[in-house]
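The values are calculated or read from the model by the stated rules, or taken from the named source; none is laboratory data. Everything numeric in this text was worked out from a predicted model, so none of it was measured. Cβ: placed from backbone, ideal geometry, glycine included. Neighbour counts: every protein chain shown.
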Amino acid sequence: MTSEIRQPMARPATLGEYLAIRPWMIDTHGRPAILENCASCGRQHFTVEPCAREAPCPRCGSTASRCHRPSGHDADAWHAERAAAFEALCAEREAAGLPQVARSPDTTPALFDWPST
């Protein structure tokens, strides 16, 4: 079941806007979302979010905080398949009653933009 609880602000359009609103974001149970440094993936994320290691990329196999190019170098963003897998994992956890980061009040994807297939 998807929560009807939404963020108290519009979806950010830029990284700067996202960084500015993070302290006021909430989870799907209406509680403040808490940021922590994750020792497993080496990045900061909300405690209710899956770790990057829990969402390996179907395309490149990366379990690190970044996907990899065929050359082995870090990609500048996650591959669309990984973003979709991460969203599916979040939805699965939410359906099981676990809190997740609440979605924005608009209808665009909550965490990532990727083309429809």
Practice prompt. Search segment 52-65 for residues that are under 17 Å from residue 92 (Cβ atoms) and pair each with any residue that is of a type in the set (Asp, Glu) and surrounded by fewer than 17 Cβ atoms within 10 Å (Cβ to Cβ) when their beta-carbon atoms are under 8 Å apart and the residues are at least 6 apart or on different chains.
Written response: 58/81
Response to the item:
Those residues of segment 98-117 that are surrounded by fewer than 17 Cβ atoms within 10 Å (Cβ to Cβ) and modelled with pLDDT of 95 or more come to a total of 1
Item to complete: Sort through 81, 54 and tell me the only one that's among the acidic types (Asp, Glu) and either exposed (fewer than 13 other Cβ atoms within 10 Å of the Cβ) or within 28 Å of residue 24 (Cα to Cα) (or both).
Response: 54
Practice prompt. Assess whether residue 45 counts as being within 26 Å of residue 105 (Cβ to Cβ), surrounded by 17 or more Cβ atoms within 10 Å (Cβ to Cβ) and at pLDDT 90 or above.
Written response: yes
Worksheet item: Counting only residues that are out of contact with any strand residue (DSSP E or B) (no Cβ under 9 Å at 6 or more places or on another chain) and not in a loop (DSSP other than H, G, I, E, B), how many does segment 1-38 have?
Response: 7
Worksheet item: Listed residues 64, 91; which is surrounded by 12 or more Cβ atoms within 10 Å (Cβ to Cβ), part of a helix (DSSP H, G or I) and of a type in the set (A, V, I, L, M, F, W, C)?
Response: 91
